[in-house]
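Trainee: Structure incoming, see below.
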Amino acid sequence: MKRRETKEIKIGNRIIGGNNPILVQSMTNTKTENIPETLEQIHRLEEADCDIVRVAVPNLEAAHAIKEIKKEINIPIVADIHFRPDLVLESIKNGADKVRINPGNIGGLEATKPIIELAGEKNIPIRIGVNSGSIEKELLEKIKSRPKALVESALKYLEFFEKQNFNNLVFSLKASSVLETIEANREFAKTNNYPIHLGVTEAGLPESAIIKSAIGIGGLLSDGIGDTLRVSITGDIVNEVETAYRILDSLDLSSRPKINLISCPTCGRTNIDLIKISNEVNNQLKNIDKDLDVAVMGCIVNGPGEAKEADIGIAGGNGKGVLFKKGQILKEVPEDQLIDSLLDEIEKI
Ligand code: SF4
């Protein structure tokens, strides 16, 4: 797939856009000024390979906390600010690697001028994030299409920022509707070459958020659109990062080594406890940093053949199973030793 050509933007020690990897973001849900709790979450995110973290800055204490937080973390920190331009300035002064604002609620275009000036001085990128929830009413009434209003709104800010000679920009156009998110981003992507941060906003609890994000973010990524992404989930933030990587892995866009587990849906021919075995194999594979396709198949009749592209796999028989490599049978193993034998073989690869 051909990625949209975008300008490179430096965020702390990372670069997005151009040919750089698509980076995964998440957002803490602590009171940012509670430094120990915020750090605990960021460290968990770092552990999960999150590339960029965003924190909410609703007050002065939160802006000041950025300085202390930065000393203890290794990934760039983005300050997310609504309503108060003074907090954007404070966040930048305290070392935010990027700020995310919605000019529509920060006091209008004029209020962004001091922000532009300070961000320019410190070489800090600004993400202009327009959301369907906060789209200007007049614009929506005039245009009567939410995706088009999102695009129009983002373009108005783009033009204004460029007029101030500021082009260290990233954009995001988010809606809670998957189709509106896709339409808005596709349209916006045609008009410029700034990096785009992707997300389906307020996507809900995991079962719906994961599907909405996979379709919305995944759909845009498969069009070549998107330089960073955040999966919004009501729940554990680490789940956001894991889901983001699963979306990237499914499209072969992840920069990390990837283990792809291929497991059959089971049927009347299945002779082993395939669901239990697949879950166990999946858990064990999480700790292995290799690029591998691993197959767990229910029967010896079709298993190796169906998974012939897999690097390694197991196929169940009656109380036993076979280990196979690239579709060729290696050996027969009793059912209770199948997982260990598979992991031994994986270690040898
Ligand atoms: S691999 Fe075998 S057990 Fe699994 S779905 Fe296919 S035929 Fe059924």
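Trainee: Kindly list the residues of region 263-280 that lie in the label zone of N302, defined by a backbone N under 12 Å from the point 7 Å along the Cα-to-C-beta vector.
Mentor: 264-270, by backbone N distance to the label point.
Trainee: Now for a different question. Before anything else, pin down the relative contact order of region 259-348: Cα pairs under 8 Å, at least 6 apart, normalised by residue count, whole percent.
Mentor: 24
Trainee: What is the count of Lys pairs in region 259-348 whose alpha carbons sit under 14 Å apart, if the two are 8 or more places apart or on different chains?
Mentor: 5
Trainee: Roughly what would the spin-label model give for K142 and E202, points 7 Å off Cα along C-beta, in nm?
Mentor: With each label point 7 Å from Cα toward Cβ, the separation is 2.4 nm.
Trainee: A further question follows. Once Lys and Arg get +1 and Asp and Glu get -1 on their Cβ, which of I262, A119, T28 lies farthest toward the positive end of the dipole of the chain?
Mentor: Of I262, A119, T28, it is A119.
Trainee: What order, most packed first, do the peptides 95-107, 114-126 have when packing is the mean number of other Cβ atoms within 10 Å of each residue?
Mentor: Result, highest mean first: 95-107, 114-126.
Trainee: Next question. Would you mind checking the tilt of helix 237-250 against the longest principal axis of the Cα atoms of the chain, expressed as 0 to 90 degrees and rounded to 10?
Mentor: 70
Trainee: Still on this structure: What is the pair-distance distribution P(r) of the chain, computed from all Cα-Cα distances in 20 Å bins starting at 0, with each bin given as a whole percent?
Mentor: It works out to 28, 48, 20, 3, in whole percents.
Trainee: Given the Cα-Cα distance of N165 and D289 and 0.36 nm per residue of separation, how much length would full extension add, in nm?
Mentor: Details: separation 124, 0.36 × 124 = 44.64 nm, distance 4.40 nm.
The span from N165 to D289 would gain 40.2 nm if fully extended.
Trainee: Moving on to the next point. Indicate, rounded to the nearest 5 percent, the antiparallel portion of the DSSP beta bridges found entirely in region 260-349.
Mentor: Restricted to region 260-349, the bridges split so that about 55 percent are antiparallel.
Trainee: Right, something else. Taking the Cα-to-Cβ direction at K31 and at L261 and moving 7 Å from each Cα, how far apart do the two end points lie in nm?
Mentor: 4.0
Trainee: Rounded to the nearest 5, what % of DSSP beta bridges with both residues in the chain are antiparallel?
Mentor: Here the share of antiparallel DSSP bridges comes out near 25 percent.
Trainee: Here's something else I'd like to know. How far is helix 338-348 tilted off the main Cα axis of the chain, in degrees rounded to 10, range 0 to 90?
Mentor: 70
Trainee: If each residue of separation counts as 0.36 nm, what is the full-extension length gain between I275 and D249 once their alpha-carbon separation is subtracted? Write out the running numbers ahead of the final one.
Mentor: Details: separation 26, 0.36 × 26 = 9.36 nm, distance 2.21 nm.
Contour length minus Cα-Cα distance gives 7.2 nm.
Trainee: Further, regarding this structure: Take each of the peptides 41-47, 343-349, average the number of other beta-carbon atoms within 10 Å over its residues, and list them starting from the highest.
Mentor: 41-47, 343-349
Trainee: Helix 60-71 sits at what angle to the longest principal axis of the chain, using alpha carbons and giving 0 to 90 degrees rounded to 10?
Mentor: On a 0 to 90 degree scale, this one is about 50.
Trainee: Modelled label-to-label distance, R186 and E47, 7 Å Cα→beta-carbon offset: nm?
Mentor: Inter-label distance under the simple model: 4.1 nm.
Trainee: Turning to a different aspect of this structure: If the chain between N282 and K71 were fully stretched, how many nm would it gain, using 0.36 nm times the residue separation less the Cα-Cα distance? Let's see the in-between values first.
Mentor: On the way: separation 211, 0.36 × 211 = 75.96 nm, distance 3.55 nm.
Length difference between fully extended and current span is 72.4 nm.
Trainee: Using only alpha carbon pairs under 8 Å that are at least six residues apart, calculate the relative contact order of the chain and give it in whole percent.
Mentor: Reported as a whole number, the value is 13 percent.
Trainee: Here is a follow-up. Count the lysine pairs in region 1-94 that are 8 or more places apart or on different chains: how many have C-alpha atoms under 20 angstrom apart?
Mentor: Taking the Cα cut-off of 20 Å, the pair count is 11.
Trainee: While we're looking at this one, here's another question. I'd like to know which of I143, G95, I73 lies farthest towards the positive end of the charge dipole of the chain, counting +1 on Cβ of Lys and Arg and -1 on Cβ of Asp and Glu.
Mentor: Of the listed residues, the answer is I143.
Trainee: What order do you get for 158-168, 271-281, 237-247 when each peptide is scored by the mean count of other beta carbon atoms within 10 Å, highest first?
Mentor: For the peptides 158-168, 271-281, 237-247, the packing ranking is 237-247, 271-281, 158-168.
Throughout, read-outs are computed from the coordinates displayed, never taken from laboratory work. Bear in mind the structure is a predicted one, so any value in this text is a computation, not a measurement. With ideal geometry, Cβ positions are generated from the backbone for all residues, glycine too; neighbour counts draw on all protein chains shown.
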